[in-house]
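The values are calculated or read from the model by the stated rules, or taken from the named source; none is laboratory data. The structure presented is a predicted model; accordingly, all values stated were derived computationally and were not measured. Please note: Cβ atoms are built from the backbone with ideal geometry, for glycine as well, and neighbour counts cover all protein chains shown. Protein only, heavy atoms only, side chains kept; ligands, DNA and RNA dropped before computing areas. Shrake-Rupley method; radii C 1.70, N 1.55, O 1.52, S 1.80 Å.
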Amino acid sequence: MKKMLLCTTLLFTGVAFAGGGSSMPMGNTIAAIVSNDPNFSTLLAAVKAAGLVETLSSPGPFTVFAPTNAAFAKIPAADLNALLNDPAKLKAVLLYHVVAGKVTASQVMGMSSGTTVNGADVKVSMMDGKVMINDATVTKADIMASNGIIHVIDTVLMP
């Protein structure tokens, strides 16, 4: 429990702030990779809407199942807007995409489930030679960061 709370705390602290109040994660951290990739702009906006400051710049390590903009686009607009306007629910959804520790694709393939930072488990399976996290397909794996690893997914995970 202490490890999970520590990871949750670390997950949402540690971003350097640039002028004008915008955040710019430094280096090759998970936060920097996500913030510098336009395919993750909705994920970044969701993190800000939840009132969370990413600690994905902290030492970690973390494994993040990162939904792309296209994944967020699968959510009906009204539902997405409701989620973005409910910081508590949004925080729970975002924490459901993070696993403490660095879990590579080959390790994920040997798992049947994993416990996320929000405390709920995700189901891990193989379908047609592809790794599935619940109903999301891992479309790109093992994006290495200085503080963990990113696996890109095509669907937003809902706890």
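The simple spin-label model puts a point 7 Å past each Cα toward its Cβ; for Ser113 and Lys89 those points are separated by 2.5 nm. For the pair Ser146 and Lys130, label points projected 7 Å from Cα toward Cβ lie 3.4 nm apart.
Among residues other than Ala136 with Cβ under 15 Å from its Cβ, the summed charge is 0 (Lys and Arg +1, Asp and Glu -1).
Taking amide H atoms as placed 1.01 Å from N in the peptide plane, the amide H of Gly101 lies under 5 Å from those of Phe62, Thr63, each 5 or more residues away in sequence or on another chain. What's the FRET efficiency of Ala120 with Ser41 using the Cβ-Cβ distance as r and R₀ = 30 Å, to the nearest 0.05? Result of the calculation: an efficiency of 0.70.
A straight Cα-to-Cα reach below 17 Å connects Lys91 with the aspartates and glutamates Glu54, Asp79, Asp121, residues fewer than 8 places away in its own chain not being considered. Any aspartates and glutamates with Cα under 12 Å of the Lys123 Cα? List them, leaving off those in the same chain fewer than 8 positions away. Here the aspartates and glutamates satisfying the reach criterion relative to Lys123 are Asp135.
Ranking Thr139, Thr104, Thr63 from most to least accessible surface, computed with a 1.4 Å probe over the protein chains only, gives Thr139, Thr104, Thr63.
Rolled with a 1.4 Å probe across the full set of protein chains, the surface gives Lys48 an accessible area near 110 Å².
Given a 1.4 Å probe and the protein chains as shown, Ser146 ends up with an accessible area of around 90 Å². With θ set to phi - 60° and the Karplus curve 6.51 cos²θ - 1.76 cosθ + 1.60, what are the ³J(HN,Hα) couplings of the range 132-148 in order, to the nearest whole Hz, using x for Gly and Pro? Ordered by residue, 3J(HN,Hα) equals 10, 10, 6, 9, 9, 9, 6, 9, 8, 10, 6, 7, 7, 10, 5, 10, x Hz.
Suppose all protein chains stay in the model; what accessible area per residue would a 1.4 Å probe give for the range 50-159, in Å²?
Working: 4950 Å² over 110 residues.
Each residue of the range 50-159 exposes 45 Å² on average to a 1.4 Å probe.
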